[in-house]
Every structure is written in structure tokens, then in C-alpha cells.
Amino acid sequence: MTALSLASIATCCQQLLREFPSQVFVPGNSNYTAIETSYWSLQEAALQPACIVVPQSTQDVSRIVSLNSHHGCPFAVKGNTHAPAAGFANIEHGVTIDMTGLQSLSLNKDHSVIRIGGGANWLHVYAFLDQYSLAVAGGRNGLVGVGGLTLGGGISHYAAREGFTCDNVVKFELVTSSGVLEVDKSHELFRALKGGSNNFGIVTRFDLRTFAQGDLHISTSTNNISYFADVAKQFSKITDAKNFDPYTSLVTSVLLSGGSWSIGNSAVYTRPVENPIVFRDLLAIPSTKNSSSFQRPYIFANETNTPPLNWLFLTGTYGVSSELMVRMFNILNESLYNFDSGSGLAVWSLTFEPLPTKITNFGRGSNSLGVDENNSFNTTRNKAITDLARKIGTQFNTAADSMGLLRRFQYLNYADTSQHPIASYGPENVARLKAASRKYDHNGVFQKLVPGGFKLPW
Ligand SMILES: Cc1cc2nc3c(=O)[nH]c(=O)nc-3n(C[C@H](O)[C@H](O)[C@H](O)COP(=O)(O)OP(=O)(O)OC[C@H]3O[C@@H](n4cnc5c(N)ncnc54)[C@H](O)[C@@H]3O)c2cc1C
């Protein structure tokens, strides 16, 4: 950072302190420390902004953006901190704008739309909607932010019924570098924001379509790793079904912990149906542990927070094939066999999620994701581990490519910084996003002063 930008940041923080005396925190202050320790990953928490400002209204956000732009101060937009990569929602020596002061929730007259403050998390939303027996197609873990998840696409338990989370937005309130906009389907930024992450401004309100929702039926099972070929076969059968059951939400992971592998299945049915047929063959595979219950959506989303660790996500999208799943597991297992992880390595996980056309068709042509048919995975820590994870990702892609199953789409919310999820939306979507950026952020504030997150590929 140059002496000039350090001076401008000092000016920004001083000015912010003058205008928002009770909402700006500097190192040493207990609120500053509390916000820093709230980051989900250790690598984000390790960054030290010069000051953190917590706006309480759209007007506050607008004023803060305009002040930072005027003085040329680099800043980060912080939602509920679940993007693991350093610098996505925090910034060394810059200004971090913590959106969690904006958490208002209200329903419209006929309850068809909920207005959500840009800093809320999904648990706030689900707990509020539960009183009306309603839900929205939001994140599966309640602690994840509405902001980051929705602007990156958003995969919910309801995805096969309702599409990506972003496809359920009816209006965004957006603070751009030149003012506040109401962005609905008549506005060209409507499409840009669905997948465009923080490239266009700060969303201060998300208006989402609601739907009636009863209990979820939840089955979990843990299998010995020797059953992986059987699990892969059943996972593929469910994912590839001609008529993908729209009430299906499935996550299958292989997990290396304490030196041994296990398989975990989380099979959720979004209608209160006991033992849904769709999961029967998968759940019939011998398990070491299993459970099944009905739960209210907000109770199920209330997951225990993970311990603070370094985290790394990496994603890929592939055609459905149990053979490829087994090859991927073998690649991972062989790569880890001789790998000295040093002390502290906790967990490697390879997670498969179906992304059938039932999900992707909802927003085709009206979001920026440019996604065809697909599925994805994620993993963990430190330079050697990062290098290995990336190498394994390349090997997965090579294996998938050799089988004609490699897909272009990289899901932004699960992507690693070595990946290019926005470029993966395809040239037409990228061209549209760039044109929108030139028009609505003509000084490039959200490209140059907001370095965090996946930027447009110029
Ligand atoms: C435990 C866990 C569970 C997850 N579960 C799911 C899941 O079920 N489905 C799924 O699709 N993804 C899931 N994810 C991925 C998640 O969607 C992303 O990590 C997402 O970026 C988190 O958003 P956030 O607001 O919490 O994070 P942050 O780290 O605060 O923000 C992420 C990015 O979004 C930007 N941003 C946040 N709020 C705004 C705003 N209001 N305006 C403009 N930009 C903003 C930030 O600048 C940053 O670049 C999960 C992640 C974790 C760690």
C-alpha cells in the first residue's frame, strides 16, 4: 500500500468517525475485536482493516460509499463472513463496511414477498417466516449471509422446486457508486446482480418471493468407505432421474478425519413425507449411523458453528457418473496417501451435490450464471494443502474431461481464488456484466476500490 493511499485511508476513517461516531471501530476497540473474531475463516479474521464501519441504514451505506470513493479509499463489504478466502469480505489497512447492522425483516400485505435487510443471515429470515408457516429458497446453514449467498447464485434445499436463490429475488435495493437504485425485473442490473457478486454495488435490501412450507423430512446416514461405489451409484441414479423429484435435496460427502474415510449422506425431502421413495435405495446401503426426523426449517438451519480454522473451497461441475465419482475419490485418496499434512490438518472433504436442469432451468436467461447441467465439491488448509487441493482439482477435471463430463460452470460461492467463476458464465454473460459495470459504475469503484471477491474478468 502506498503512502498516499495510507493517508487517504486515515482521512476516510477520521471522517467516518466524525460522521458516525458510535458506528466506527478501530484496532484496540472491543467492538473491532468482536467483529474480527466473527469471521468464519481464520485467514479472513487475520486481516486488519484500518477501521470498521457498521451502517444502520441505506443512507449510511450510500454516504460511506461516496466518502470512500471521493477519497479513493479501498474498502471491503462484509456480510455474514462465510466466504473463506482472505480479502473477500475484509481488507488489510482499508475500510471494512460491516453490513450486519441492516437486518430488518418485513412481509408485504399478502405475505408473498419478504423484504430482507442486506446484512441478515438465513436463520433470522427462517425464524421470522416460521410464524407464518412460510419459507424462502435460502441457504441451508442458517449462519450464512443472505448477501453473499444470493449474489453468488444460492443453492437451497428448495432449489429443485424454486431455482437458485437469486432467481427468487423480485427486487434489490442497491447502493452504487452514484446513488441508490431500486432494481427489479425491468432494470438491466437485475440480471447482473444474479451471479455478479459485489461487482456493482452494495445490496441493502433483498425482496424475496415466499412460499408455504411445512416440516422437512431429514434422513442422515454414515457408511463405511467400502460402500462408496454403491453410494455413488445411488447418488447418480437420484441425480440423473428423468423426472428429478423436485422435493429432493441431497448432499453426499466423503470425509477424511483422524486418518480414516467415511461417507456421509444428508437426504432432505422438502415435504413432510415419511421415508420418501427417492432416497430408499441410498439409505438401504448398510450404515454405521443413521437418523430420520421431521423438523421445522428454521430448527434444521440452526447448525452449530464450525471451529475457527483455515478453510479452502474449490469447485467443479461435472456430468453425472458414478464411475467418475469413484475415480475422483481414488484421485483424492492416492494424492493424500503420501502427503505429509504436518500438524494441524483437520479434515479433507469431497462433497457431491446434484444440480439437475430442474434447478438451472428456473433462471435460464434471467440470471448471469450461464449454467447447464452440473454438480460440485469442497476442501481445506495452508500453502502445501492449497497447492495439493488445486492439483487434485485439475486431476478431477482431467478425469472428467477424458470421459466427456467436464462442464464449464464453476459455482462462485464454492470457488477457490485460483478459479474464474464469473468467466465460467460464458462470453455473452461476461460481456453483459461488463457493459452493466461501465454504465452503472463508470468510475470502476467496485472494480478498483473493492478488491475482494471474484471481480469481472477484464
Ligand atoms: C458453513 C457454510 C455453509 C454454506 N452453505 C451454503 C449453501 O447451503 N448454499 C450455497 O449456495 N452456499 C453455501 N455456502 C457458501 C456461501 O454461499 C458463500 O460462502 C457466501 O459467499 C457467504 O455469504 P456471506 O454474506 O455469509 O459471506 P461474506 O464472506 O460476508 O461475503 C461474501 C461475498 O459477498 C459480498 N457481499 C456480502 N453481502 C453483500 C451485500 N449486501 N452487498 C454486496 N456484496 C455483498 C462480500 O463482499 C463478499 O465478497 C456455505 C458456506 C459455508 C461456509
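The values are calculated or read from the model by the stated rules, or taken from the named source; none is laboratory data. As the structure is a computational prediction, the values presented were derived from the model and not from experiment. No Cβ is skipped: glycine too gets one built from the backbone with ideal geometry, and neighbour counts run over all protein chains shown. The accessibility values were calculated without ligands, DNA or RNA, using every heavy atom of the protein model including side chains. Shrake-Rupley method; radii C 1.70, N 1.55, O 1.52, S 1.80 Å.
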Inset, instruction - Note down the relative contact order for the chain as a percent, whole number, built from C-alpha pairs under 8 angstrom at least six residues apart. - result: 17 percent
Legend entry - Packing rank of 134-147, 429-442, where each peptide gets the mean count of other beta carbons within 10 Å, highest leading: 134-147, 429-442
Inset, instruction - Would you please put 177-184, 17-24, 62-69 in order of how densely packed they are, using the mean number of other Cβ atoms within 10 angstrom per residue and starting with the highest? - result: 62-69, 177-184, 17-24
Legend entry - Cα principal axis extents for the range 105-212, largest first, Å: 39, 27, 23
Inset, instruction - Give, as ranges by residue number, the residues of the range 162-188 whose backbone N falls under 11 Å from the point 7 Å along Cα→Cβ of residue 59. - result: none
Legend entry - Cα gyration tensor shape for the range 403-442, rounded if a/c is under 1.5, else prolate or oblate: oblate
Legend entry - Residues of the range 121-152 with amide N under 14 Å of the 7 Å Cα→Cβ point at residue 170: 135-137
Inset, instruction - Order the peptides 107-118, 297-308 from the highest to the lowest mean number of other Cβ atoms within 10 Å of their residues. - result: 107-118, 297-308
Legend entry - Calculated SAXS-style log₁₀ I(q)/I(0) at q = 0.09, 0.14, 0.19 Å⁻¹ - the range 216-414, Debye, Cα scatterers: -0.35, -0.88, -1.54
Legend entry - Distant alpha-carbon pairs in the range 3-100 (separation over 25 angstrom), percent: 10 percent
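Can you give me the % of accessible surface on the chain that is carbon or sulfur? Probe 1.4 Å, all protein chains present, nothing else counted. Please report the intermediate quantities before stating the final value.
Values: 9740 of 18550 Å².
Here carbon and sulfur together make up 52 percent of the probe-accessible area.
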Inset, instruction - For residue 274 and residue 241, calculate 0.36 nm times their separation in residues minus their Cα-Cα distance, and state this gained length in nm to one decimal. - result: 9.8 nm
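Could you do me a favour and compute the accessible area per residue for the range 216-414, 1.4 Å probe, result in Å²? Mind showing how you got there, number by number?
Details: 9170 Å² over 199 residues.
In whole numbers, the range 216-414 has 46 Å² accessible per residue.
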Inset, instruction - For the range 147-269, build the convex hull from the C-alpha positions and give me its volume per residue in Å³. - result: 152 Å³
Legend entry - residue 26 versus residue 305: modelled label distance in nm, points set 7 Å from Cα along the beta carbon direction: 2.7 nm
Legend entry - Helix axis angle, 322-337 relative to the chain longest principal axis, alpha carbon, degrees: 70 degrees
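On average, how much area does the Cα convex hull of the chain cover when viewed from any direction, in nm²?
Working: hull surface 85.8 nm².
Approximately 21.4 nm², given one-decimal rounding.
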Legend entry - Bridge type composition, the chain - antiparallel percent by DSSP, nearest 5: 90 percent
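Measuring with a 1.4 Å probe in the full set of protein chains, what accessible area per residue, in whole Å², belongs to the range 9-65?
Values: 2440 Å² over 57 residues.
Heavy-atom SASA per residue in the range 9-65 reads 43 Å².
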Legend entry - Beta bridge orientation in the range 67-159: antiparallel %, DSSP, nearest 5: 50 percent
